[in-house]
Amino acid sequence: MEYRLLTIDDYDEIYSLWNSIEGMGLRSLDDSRSGIDKFLRRNPTTCFAAEESGEIVGCILCGHDGRRGFIYHTCVHPDFRGRGIGSEMVRLACNALRAEGINKCALVCYSSNKTGNGFWNAKHWEKREDLNYYNLSLNDNNI
């Protein structure tokens, strides 16, 4: 397994991977080619692909605002799960955040995503019960 930084040239392959994963919450604008290009330009050192035989089998989008890190769209193709790929991508992303002086990282996992919640629980990420997550769509076209 090889791990490397994601680039916009990976877009078609990662978008296809995302669409094959149950529980992925994709947004029409945020996850479009231009949306991911903008994200990767802002976060060029914190997003990774797991590649085997030239095929992307996992990816993680991770970024920060200068204060907190945030992980988005972490996934591994079902045929490749259980091999430590997700764990390695999380390790790489967290190390990249640390290198940029970020001390805390968060993520959102849909409560219905049993696979994702199982993964994050097994990695000892703290499930917060002391806060409410609020969301406001600033663009009605981002469905």
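Descriptive notes on the structure:
- Residue satisfying condition, being out of contact with any His (no Cβ under 9 Å at 6 or more places or on another chain) and modelled with pLDDT under 95, within set Asn141, Asn95: Asn141
- Unmet criterion (only one of (1) in contact with a helix residue (DSSP H, G or I) (Cβ under 6 Å, 6 or more places away or on another chain); (2) of a type in the set (A, V, I, L, M, F, W, C); (3) surrounded by fewer than 18 Cβ atoms within 10 Å (Cβ to Cβ); (4) farther than 23 Å from Asn142 by Cα) for Ile8: (4)
- Among the residues of the stretch 92-109, those identified as surrounded by fewer than 15 Cβ atoms within 10 Å (Cβ to Cβ), more than 16 Å from the chain's Cα centre (by Cα) and in a loop (DSSP other than H, G, I, E, B) are Glu100, Gly101, Asn103.
- Summed over the stretch 24-39, the residues that are hydrophobic (A, V, I, L, M, F, W, C), surrounded by 15 or more Cβ atoms within 10 Å (Cβ to Cβ) and either modelled with pLDDT of 95 or more or out of contact with any strand residue (DSSP E or B) (no Cβ under 9 Å at 6 or more places or on another chain) (or both) give a count of 2.
- Restricting the stretch 40-91 to residues that are β-branched (Val, Ile, Thr) and in a strand (DSSP E or B), the residue that is surrounded by the most Cβ atoms within 10 Å (Cβ to Cβ): Ile60
The values are calculated or read from the model by the stated rules, or taken from the named source; none is laboratory data. Every value quoted in this text rests on a predicted model; they were computed, and no experiment measured them. Positions of Cβ are generated from backbone atoms using ideal geometry, with glycine treated the same way; all protein chains shown enter the neighbour counts.
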